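Some notes on the structure that comes next.
Laboratory data are not the source of any read-out in this text; all were calculated from the coordinates shown. In this text, all values refer to a predicted model and were calculated from it rather than measured experimentally. So basically every Cβ, Gly included, is an ideal-geometry build from the backbone, and we count neighbours across all protein chains shown.
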Amino acid sequence: MVNCLYIRSKRIISTLIIAAMTFHAFSQDVPDYDKVSTSAGVVEMHFIGHGSLMFKVNGFVIYIDPVNSAGDYRFLPKADIILVTHEHGDHLDTGLINDLKKQETLLFCNENSISKVPWAMAMVAGDRQEINNIIIEAAPAYNIVNVRAPGQPFHPIGAGIGFILTIGGKRFYVAGDTENTPEMKSLKNITVAFLPMNLPYTMTPEMVADAAIAFKPEILYPYHYGETNTDIIVKLLKDTGITVRIRNLK
């Protein structure tokens, strides 16, 4: 009887250990997220990594620049909409897009990405779509200062785009790879902004602060920031009324 109880206890302990390990592995593989309440429901903003995000509202799933190098997608749902800002490999992953795609999935992207994802629909700055009561607007995204060589910006004007999503009256701006352009600084009524912050490809913290102070989002997430010191942007925007949130989006 004692031996049976001992064996049973060992089995229970082993099961608990395996369950704990499984939960730990699962929790590590699901990205962190924040929530914003809108008139259409709660929007979950999942921080997958680098330039890759997932928005979810009422079970409707939107991926922005999904790439396998940014994080683990194994436990994440299929896409209703995929948005691609430009064709560079850290923003466009055709294999992952095929994995995330359902029969009814829609993909909107910049014009240069169409050659890699021919079933997608191209957007240029100023274009507008409305899907499931979500308004999707394409915004300019380009370099002014940072160049590969004279006359060759890392992201030329007219090539890439950012996206503004209006969900339940709240506007979410995901800038893509860009600098603090005049078009960015003239934006209005942005609730949440994701602004890239790494050199030489996008912006310095000072450039991000310059743009944020101009268009005044309620909440700012630096993203695509690599090894940039995020403490700098926090200090630059202190006492501006803009809430700066740092998440794991290197």
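Can you list the HN-Hα couplings for the stretch 101-115, worked out from phi with the Karplus curve (6.51, -1.76, 1.60; θ = phi - 60°), rounded to whole Hz and with x for Gly and Pro?
Coupling constants for the stretch 101-115: 6, 9, 4, 9, 4, 10, 10, 10, 8, 6, 4, 5, 7, 4, 5 Hz.
Can you tell me the orientation of helix 205-215 relative to the chain, as the angle in degrees between its alpha-carbon axis and the longest Cα principal axis, to the nearest 10?
70 degrees
How much net charge surrounds Gly241 when only the other residues with a Cβ under 9 Å from the Cβ of Gly241 are counted, with Lys and Arg +1 and Asp and Glu -1?
Numbers: positive: Lys216; negative: Glu218, Asp239.
That works out to -1.
Please give the direction-averaged projected area of the C-alpha convex hull for the chain, in square nanometres with one decimal.
On the way: hull surface 69.3 nm².
For the Cα atoms of the chain, the hull's average projected area reads 17.3 nm².
Order these peptides, 138-146, 121-129, by their mean beta-carbon neighbour count within 10 angstrom, highest first. Walk me through the numbers on the way to the answer.
Details: 138-146: 20.3, 121-129: 14.4.
Ranked from most to least packed, the peptides come out as 138-146, 121-129.
So what's the projected area for the stretch 106-250, the Cα convex hull averaged over all directions, in nm²? Present the calculation step by step, with values, prior to reporting the outcome.
Numbers: hull surface 36.2 nm².
Its average projected convex-hull area is 9.0 nm².
Apply the Karplus parameterisation 6.51 cos²θ - 1.76 cosθ + 1.60, with θ equal to phi minus 60°, to every residue of the stretch 176-193 and state each ³J(HN,Hα) to the nearest whole Hz, in sequence, with x for glycine and proline.
Once θ is set to phi - 60°, the couplings for the stretch 176-193 become x, 8, 7, 10, 7, 6, x, 5, 4, 5, 9, 4, 10, 6, 8, 7, 10, 10 Hz.
At what distance in angstrom do the alpha carbon centres of the stretch 28-83 and the stretch 110-137 lie from each other?
18 Å
Can you give me the Cα centroid spacing of the stretch 204-244 and the stretch 171-189 in angstrom?
A separation of 13 Å, based on Cα centres.
Cβ neighbours within 10 Å, averaged per peptide: list 206-216, 150-160 in order, most packed at the top.
On the way: 206-216: 19.0, 150-160: 15.5.
Per-residue Cβ counts within 10 Å, averaged per peptide and sorted highest first, yield 206-216, 150-160.
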